[in-house]
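Chemist: Sharing a structure, written as structure tokens. Questions coming.
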Amino acid sequence: MYENILRHPGPTPIPKRVELAMNHNIMSHRSAEFVALYHETINKVKPIFGTKEDVLLLPSGGTAALEAAAVNTVAKGEDVVVITVGAFGDYFVSICERYGFNVHKLEKSWGEACTAQDLAHFLVGLPPIKAVFMTYNETSTGILNPVDELAKVVHEHTDALVIVDGVSCIGGVEAKMDDWGIDILVTGSQKSMMLPPGLSFVALNQRAWQVIEANQTEAYYLHLLSYREWAKQGMTPNTPTVTLIYGLREVCKLIEEEGGIAQSAARHTLMRDMTRAAMKALNIPLLAEDAYASPTITAIKAPQGIEISTLLAHLKQHYHIDFAGGLGSLQGHIFRFGHMGYCFPSDVLQAVSLIEAALQDLHYTFTPGAGVIAAQEVFLAAHK
Ligand SMILES: *Cc1c(COP(=O)(O)O)cnc(C)c1O
């Protein structure tokens, strides 16, 4: 009877209107109908990235888009900096190492952000750097890195490209790619973009294209210059995920109707603040400090005396709500509350209420309702 409530930081729920939009005849990706869909959709996507530049659509998960950003710009043996503050930053390290780049790893402990000072210090004395890779929203820890400030530091001190993984936040946060000097910005479909898995995005500016044109990449399926050639005609080099592109057009319309990306970002910030206020009122510790807390996912530590695995299993079995556990070294130490994409303050109130129900069942000591009231106060204050 019950449908599980999915409160993961990806994959995330799909709006009904987007499901209906995807229930569409498949047409040829070489037809005039597809070309019209492609152009219309790409124009609507650009404001979400804060760019007037090219946004390419890849028929893949987010990881392939990260790999495309790396392998098209940098050659074996060249020096790169990779900033990592968690499991997804480590992805970028692995990709760069796999391709034989000379990786200078700026690593922060899990739960911390990388600051502009951290990066400025790190760059001192390094050889010329081809690219600096960074994660905007670290999904494993719920940290939002200050990529605007980091990009500025990169451009002040180096000629490197700024390459940003925005997989779990684009669509739910402000991203001013052009104003901030981000050269390549990547995201995927199944997190804050409210779509099923299987589509990814690579946005690139002219600086990035110049580097890519000068680089002899071995990539074939991920060869971005081919994507650029075909995009001029409103097409992709190979068969695209037509169904997901219908869905994407509808997602863009939903964001437009909400008032644009700034409004979507404000809703996500509000959900973050509601979630954090609730956990604080319940005396449940949070992993990230307020200053760098993610608007799309909150990492929550174990309530005193309760095992994370017990809590999550109980919530799923009895209350049909599904949260994600911790990754890597944080497994068993945190759970992750996704409030991204198709998620609203009312969903946060529901989730907090169900967490309280489970905590009562598990004999955690607290004042019932304290978390819900705290979240509701934040919600009401935002509407005054
Ligand atoms: C989910 C995620 C990825 C990987 O995306 P896939 O679609 O699973 O390949 C990369 N980076 C971040 C920050 C993510 O959240």
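Rule-based calculations on the coordinates, nothing more; no lab input. Please read these numbers as outputs of a predicted model, since none were measured by experiment. Please note: Cβ atoms are built from the backbone with ideal geometry, for glycine as well, and neighbour counts cover all protein chains shown.
Chemist: Residue by residue, what Karplus-based ³J(HN,Hα) values in Hz, rounded to whole numbers, does region 216-230 have, using 6.51, -1.76 and 1.60 with θ = phi - 60° and x for Gly and Pro?
Modeler: For region 216-230, the Karplus-derived couplings read 8, 8, 8, 5, 10, 5, 9, 6, 5, 4, 5, 4, 5, 4, 5 Hz, x marking Gly and Pro.
Chemist: Rounded, prolate or oblate: which fits region 108-226, taking a ≥ b ≥ c as square roots of the Cα gyration tensor eigenvalues, rounded meaning a/c under 1.5, else prolate when a/b beats b/c? Mind showing how you got there, number by number?
Modeler: Working: a/c = 1.85, a/b = 1.05, b/c = 1.75.
It comes out oblate by the Cα gyration axes.
Chemist: Treat each spin label as a single point 7 Å out from the Cα along the C-beta direction, and report the residue 79 to residue 313 distance in nm.
Modeler: Each label point lies 7 Å from its Cα, and together they span 5.1 nm.
Chemist: Using the Cα centre of the chain as origin and beta-carbon charges of +1 (Lys, Arg) and -1 (Asp, Glu), tell me which of 63, 286, 34 is placed farthest towards the positive end of the dipole.
Modeler: 34
Chemist: Pop out the ³J(HN,Hα) list for region 95-104 in order, Karplus 6.51 cos²θ - 1.76 cosθ + 1.60 with θ = phi - 60°, rounded to Hz; leave Gly and Pro as x.
Modeler: Result, ordered by residue: 4, 5, 5, 4, 8, x, 6, 8, 8, 9 Hz.
Chemist: Taking every pair of Cα atoms in the chain, average 1/r, invert it to obtain the Kirkwood radius, and report Rg/Rh to two decimals.
Modeler: 0.98
Chemist: Can I ask one more? Within a 10 angstrom radius of the beta carbon, how do 51, 367 rank from fewest other beta carbons to most? Please list the in-between numbers first.
Modeler: Values: 51 20, 367 11.
Fewest to most other Cβ atoms nearby, the residues stand as 367, 51.
Chemist: What distance in nm separates the simple spin-label points at residue 333 and residue 232, each placed 7 Å from Cα in the Cβ direction?
Modeler: That separation, rounded to one decimal, is 5.1 nm.
Chemist: Label residue 218 and residue 179 with points 7 Å out from Cα along Cα→Cβ: what is the distance between them in nm?
Modeler: In this crude label model, residue 218 to residue 179 measures out at 4.2 nm.
Chemist: Which entries of 253/384; 152/176; 108/130; 176/232; 76/130 have Cα-Cα distances beyond 18 Å here? Before the final figure, lay out each step's value.
Modeler: Working: 253/384 27 Å; 152/176 13 Å; 108/130 21 Å; 176/232 24 Å; 76/130 11 Å.
Where the Cα-Cα span goes over 18 Å, the pairs concerned are 253/384; 108/130; 176/232.
Chemist: Using +1 at the C-beta of Lys and Arg and -1 at the C-beta of Asp and Glu, which of 166, 328, 375 has the Cα lying farthest in the positive direction of the dipole of the chain?
Modeler: Positive-most Cα among the choices belongs to 375.
Chemist: Given H placed 1.01 Å from N in the peptide plane, which residues other than close sequence neighbours of residue 5 have an amide H under 5 Å from its amide H?
Modeler: The list, which skips near neighbours in sequence, is 321, 322.
Chemist: Next up: From the P(r) of region 292-374, could you give the percentage of C-alpha pairs in the tail past 14 Å? Show your work: numbers first, answer last.
Modeler: Details: 2183 of 3403 pairs.
More than 14 Å apart: 64 percent of the Cα pairs in region 292-374.
Chemist: Highest first, please rank the peptides 25-31, 114-120 by the mean number of other Cβ atoms sitting within 10 Å of their residues.
Modeler: Values: 25-31: 11.6, 114-120: 17.7.
So the peptides 25-31, 114-120, ranked by packing, come out 114-120, 25-31.
Chemist: Given H placed on each backbone N at 1.01 Å, which residues far from residue 200 in sequence or on other chains put an amide H within less than 5 Å of it?
Modeler: Those qualifying (amide H under 5 Å, at least 5 residues apart or on another chain) are 58, 60.
Chemist: Moving to a separate point now. Hey, can you grab everything whose amide H is under 5 Å from the amide H of residue 168? Only 5+ residues off in sequence or another chain; H modelled, so Pro and N-termini drop out.
Modeler: Residues meeting the amide H criterion: 137.
Chemist: Based on the Kirkwood radius over alpha-carbon pairs, what value in µm²/s does the Stokes-Einstein equation return for the translational diffusion coefficient of region 36-152 at 25 °C and 0.890 mPa s? Each step should come with its number before you reach the end.
Modeler: Working: Rh = 15.5 Å.
Calculated translational D: 159 µm²/s.
Chemist: Can you give the extra length, in nm with one decimal, that the chain gains between residue 4 and residue 121 once fully stretched, where that is 0.36 nm per residue apart less the Cα-Cα distance? The partial results should precede the final answer.
Modeler: Details: separation 117, 0.36 × 117 = 42.12 nm, distance 4.65 nm.
Extra length from residue 4 to residue 121 when fully extended: 37.5 nm.
Chemist: Right, next: Given the rule -39500 (n - 2.57) for each run of at least 4 DSSP H residues, summed and divided by the residues of the chain, what is its mean residue ellipticity at 222 nm, to the nearest 500 deg cm²/dmol? Can you show the working numbers first?
Modeler: Numbers: 14 runs with 168 residues, N = 384.
That calculation yields -13500 deg cm²/dmol at 222 nm.
Chemist: Now for a different question. Mind jotting down the three principal axis lengths of region 7-63 based on Cα atoms? Whole angstrom, largest first.
Modeler: 39, 30, 22
Chemist: About the Cα centre of region 16-257, how large is the charge dipole given +1 on each Lys and Arg Cβ and -1 on each Asp and Glu Cβ? Please answer in debye to the nearest 20.
Modeler: On the way: 19 positive and 29 negative charges, 129 e Å.
Result for region 16-257 is approximately 620 debye, rounded to the nearest 20.
Chemist: On to the next question. With the dipole of the chain worked out from charges on the C-beta (+1 for Lys and Arg, -1 for Asp and Glu) around the Cα centre, which of 75, 275, 314 lies farthest toward the positive end?
Modeler: The one lying farthest along the dipole's positive direction is 314.
Chemist: Grab the Cα-Cα distance for residue 377 and residue 256, subtract it from 0.36 nm times how many residues apart they are, and report the gain in nm with one decimal.
Modeler: Numbers: separation 121, 0.36 × 121 = 43.56 nm, distance 2.78 nm.
Gain in length upon complete extension: 40.8 nm.
Chemist: Taking the alpha-carbon centroid of each part, what is the distance from region 76-90 to region 237-276 in angstrom?
Modeler: One Cα centre to the other: 28 Å.
Chemist: Rank-order 310-323, 347-360, 153-166 by packing density, defined as the average count of other C-beta atoms within 10 Å over each peptide's residues, highest first. All intermediate terms of the calculation are to be shown ahead of the outcome.
Modeler: Numbers: 310-323: 16.5, 347-360: 20.1, 153-166: 22.2.
By packing density, highest mean first, the sequence is 153-166, 347-360, 310-323.
Chemist: Let me ask you something else. What percent antiparallel are the DSSP beta bridges of the chain, to the nearest 5?
Modeler: Details: 21 of 42 bridges.
Restricted to the chain, the bridges split so that about 50 percent are antiparallel.
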